[in-house]
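Presented below is the structure to which this report refers.
Read the figures in this text as sums done on the coordinates, not as results from a lab. Everything quoted here is computed from the prediction, not taken from an experiment. Here the Cβ is made from the backbone with ideal geometry for all residues, glycine too, and neighbour counts use every protein chain on show.
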Amino acid sequence: MLDASTRSGGTTMAPPPATVATTAVALPLSPAARAVRVLMSPWSRFAVLVALLVGAASAVLLFEPQRLLAHGWPPHLGGAAAALVFAVAYGLCTVAFVPRPLLNLASGALFGTQLGLGTAVAGTVLGAGLSFVLGRVLGQDALRPLLRGRLLKAADGQLSKHAFRSMLAVRLFPGVPFAAANYCAAVSRMSIWPFLIATALGSVPNTAAYAVAGARASTPTSPAFLIAMGCIAVPALAGAVVGWRKRHRLRGR
């Protein structure tokens, strides 16, 4: 009796191999990996940012470092070393929400007009850079999905597309609080270098006025002091007017 291979012409037909279904099984994460995932989530990082800022603000309220800068400066520090220490302290204090006008006045009172201006601008750039990095690393991923309103989207688009020009205008017209501008820029898609350069250039006029006022505070009736106070008041008023008009334009879009 002929088998199946002989009846089909002598060719042996091998049976098809059995198909083996393979399914990828997701291995459970270890406790350490789960903890890292939770800690690196956007809202966890944002919570860290809020905790840092609240702690910094609380330290300012408790220890009042601005009084140390203005009245309790170490007597053995002088010249370039004192200016460097002051610039670093200035930057850290701005991150902790110490008002820049107080620090600018202290800079002029301690170091005079020229060195006080350079020290204050250096501290301004340092503080702005620290705030920008903190906001970008710890807050951007959590806050960007919340930019849904027309006004917020318009402001974000302005900062993202016209980074240098927008920040220069913000720094020249002191209508926007320093810390708010830093963190709004960090949440936007602005890169850090236009932000820092615009901050350095745009902060010079207003900072110079405060430095002159601080250096001449002992003679409040002198022409230099009165001119400096005028240079402080006029840009503040102009910034308020421009901000009011810009707000209506953004709402109309």
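Fully extending the segment from ALA81 to SER44, taken as 0.36 nm per residue of separation minus the present Cα-Cα distance, adds 9.4 nm. The order of SER58, SER203, going from fewest to most other C-beta atoms within 10 Å of their C-beta, is SER58, SER203. Length gained on full extension, SER58 to ASP141: 27.3 nm, using 0.36 nm per residue less the C-alpha separation. The stretch between PHE164 and ALA224, if pulled fully straight at 0.36 nm per residue, gains 18.5 nm over its current Cα-Cα span. Computing FRET efficiency as 1/(1 + (r/R0)^6) for LEU102 and ARG150, where r is the C-beta to C-beta distance and R0 is 35 Å, gives about 0.45. The ranking of THR221, THR119 by Cβ neighbour count inside 10 Å, starting from the fewest, reads THR221, THR119. With the Kirkwood sum run over all distinct C-alpha pairs, the range 41-245 has a hydrodynamic radius of 17.7 Å.
When a footprinting reagent is the concern and you count Cβ atoms within 10 Å, what order do PHE63, PHE97, PHE132 take, fewest first? Don't jump to the answer; show the numbers that get you there.
Details: PHE63 11, PHE97 15, PHE132 22.
Fewest-to-most ranking of PHE63, PHE97, PHE132: PHE63, PHE97, PHE132.
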